[in-house]
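Only one structure is covered here, and it is reproduced in the block below.
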Amino acid sequence: MDAGGKAVKFMSLEMGVVRAILIVALIVASYHLRPFHESSSASALLGAVLGVLFVACEMRLQKVSITRLISAAIGLTIGILAALMVSHLLSLTSVERHTLSYIQVAILIFLAYLGATIGASKGKLVSPAVLGGIFSGDAPIAKTRKILDTSVIIDGRISDLCETGFIEGTLIIPQFVLRELQQVADSSDSLKRNRGRRGLDILQRMQKMSSAQVEIVEDDFPKVRGVDLKLIELAKLTDAKIITNDFNLNKVAQLQGVAVLNINELANALKPVVLPGETMRVFILKEGKEYNQGVAYLDDGTMVVVDNARKMISKTIDIAVTSVLQTTAGRMIFGKYDERASRPEPIAQSS
């Protein structure tokens, strides 16, 4: 087991001891104090039940992000203040005392519950990037929050975009994405292990950039299976966009009304424009699928299919572009080689 795993195991054991101490302390206190004038055994049982409930609540709150806890506390405070104002107004009426007390307690519980639940659901408003716009009326600031998925982190091009300053706003890294990256990095497959470690290295690099604001959030959705679906739920909750290069995630998110920024689409849009009739100089790498075809590749990986170029394999030639096919998976260029108008140059042999 590595050092990180030992540390996590030690922390879990430590928390278990603290929780056990809490439950025992409540049992002992209830046994000696005997609340509600119950018997000692009944009081001890009450203490044990309260201890288990307290521990269950604490474990549940551990999974909630700090922003949602703060927003829930703010909502709870507002609800209690509103209930006190309403209770004060009701006390000035002629409502019978016992009925008035019941109404006041019911209003307090209802408004406190309403404030806490609404506050928790609006957790994104306590984000520093958004809080400044609450009073200035700049609501669209929330749109600058972007969630990164696992594939785009491993891809690495996102860090280059951050360095150029083209990516603005807060980049959100959910804990469940970090867990998936760690699982890939711990894989027995060397290829997967290298990809996972590359993703972790890229995250560390981005955290050190002054031009990038990286925020790791604790929000999780235990009832939702699959990292992609969790990303979509988090995007809906925080009103953020998803940055990815996963074709399937792109389509599913769009179907559910979540905005997606696809790195592959951006790369395709930035490729140099090639128009039919232009001349290109390419290196014929291999034979094509159709008769007398050759295949070349540009520096960015774009495939170029050239007619009449089967005999020109391993040579650099000039071709005339006939058509360009653009797809979501990439771009293909079709050209034609005119042997009479071109003079092929053999590739230079390395000494």
Selection from region 49-72 of residues that are of a type in the set (A, V, I, L, M), without any contact (Cβ under 8 Å) to a residue 60 or more places away in the chain and surrounded by 15 or more Cβ atoms within 10 Å (Cβ to Cβ) = 50, 55, 69, 70, 72
Restricting the first residue to region 258-279 and requiring it to be farther than 30 Å from residue 316 by Cβ, which pairs with a second residue that is of a type in the set (Ser, Thr, Tyr) and not in a helix (DSSP H, G or I) meet a Cβ separation below 9 Å and a spacing of at least six or different chains?
-> 260/244; 261/244; 262/244; 262/328; 263/244; 265/328
Do the conditions hold for residue 109, that is, is it of a type outside the set (S, T, N, Q), at pLDDT 85 or above and either on the phi > 0 side of the Ramachandran plot or in contact with a helix residue (DSSP H, G or I) (Cβ under 9 Å, 6 or more places away or on another chain) (or both)?
-> yes
Subset of region 284-322 (residues that are modelled with pLDDT of 90 or more and surrounded by fewer than 13 Cβ atoms within 10 Å (Cβ to Cβ)) | 286, 314
Under the condition of being touching a Ser or Thr at 6+ places or on another chain (Cβ under 8 Å), touching a residue at least 12 places away in the same chain (Cβ under 8 Å) and among the charged types (D, E, K, R), which residue from region 147-203 is nearest to residue 264 (Cα to Cα)?
-> 149
Can you spot a residue in region 49-72 that is at pLDDT 85 or above, more than 25 Å from residue 110 (Cα to Cα) and small (Gly, Ala, Ser)?
-> yes
Scan (1) exposed (fewer than 13 other Cβ atoms within 10 Å of the Cβ); (2) among the polar types (S, T, N, Q); (3) on the phi > 0 side of the Ramachandran plot for the single condition residue 256 breaks and write down its number.
-> (3)
Provide a single number: the residues in region 206-220 that are touching a residue at least 40 places away in the same chain (Cβ under 8 Å), of a type outside the set (Asp, Glu) and surrounded by fewer than 16 Cβ atoms within 10 Å (Cβ to Cβ).
-> 3
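The values are calculated or read from the model by the stated rules, or taken from the named source; none is laboratory data. The structure displayed is predicted, hence computed values, not measured ones. All Cβ positions, even for glycine, are placed from backbone atoms using ideal geometry, and neighbour counts span all protein chains on display.
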